[in-house]
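Asks: Next up is a structure, given as structure tokens.
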Amino acid sequence: MDAAAQKLALFKKMAGKDKSPVQILKGLFLGPIGAAGNLKALRKRGITHILNVSPIVPCYFRDSPEGAFTYHAVPIYDDDSVNLIPHLDQAVEFIATG
């Protein structure tokens, strides 16, 4: 198992317990719901851009002067019946420019 797969497995294990994003590749983090509102953890990791893939989790710091991040919101549920293809190009472009 390569390093990225190991980090993803660790993330899945800790998703309900931790409120911090986990680095899966250099400069790319994945976080559970709790991480979206954890300004201290986001800042500590140098995160500046957030791809929010959820119709219910808010972009907590979008309008906040102390935590202004650049957001791209994709309002879809984490469900295997959801078609990701219509959102993929914009999401990949957002990640690449962040």
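The values are calculated or read from the model by the stated rules, or taken from the named source; none is laboratory data. What you see is a predicted model; the values in this text were computed from it and never measured. Reconstructed Cβ throughout: ideal geometry from the backbone, glycine too, with neighbour counts over all protein chains shown. The area values use the complete protein model at the heavy-atom level, side chains included, leaving out ligands, DNA and RNA. Shrake-Rupley method; radii C 1.70, N 1.55, O 1.52, S 1.80 Å.
Asks: Per residue, what volume in Å³ does the Cα convex hull of region 25-74 take up?
Replies: 75
Asks: Let me ask you something else. Mind running the shape call on region 47-87? Use the C-alpha gyration tensor, a ≥ b ≥ c as the square roots of the eigenvalues: rounded below 1.5 for a/c, prolate if a/b tops b/c, oblate otherwise.
Replies: Prolate shape, in that a/c is at least 1.5 and a/b is the bigger ratio.
Asks: Taking the Cα centre as origin and putting +1 on Lys and Arg beta-carbons and -1 on Asp and Glu beta-carbons, what dipole magnitude results for region 19-81, to the nearest 20 debye? Write down the numbers at each step before the final one.
Replies: Values: 7 positive and 5 negative charges, 94 e Å.
Dipole magnitude for region 19-81 comes out near 440 debye.
Asks: If ligands, DNA and RNA are left out, what is the accessible area of GLU66 with a 1.4 Å probe, given in Å² to the nearest 10?
Replies: 120
Asks: Using a 1.4 angstrom probe on the protein heavy atoms only, line up ILE24, ILE85 by accessible area, largest first.
Replies: Accessible-area ranking of ILE24, ILE85, largest first: ILE85, ILE24.
Asks: Put +1 on the Cβ of each Lys and Arg and -1 on the Cβ of each Asp and Glu in region 28-98; which of ASN38, GLN90, SER54 then has its Cα farthest toward the positive end of the dipole?
Replies: ASN38
Asks: Also: Once the whole set of protein chains is in place, how much accessible area is left on VAL57, using a 1.4 Å probe, in Å² to the nearest 10?
Replies: 20
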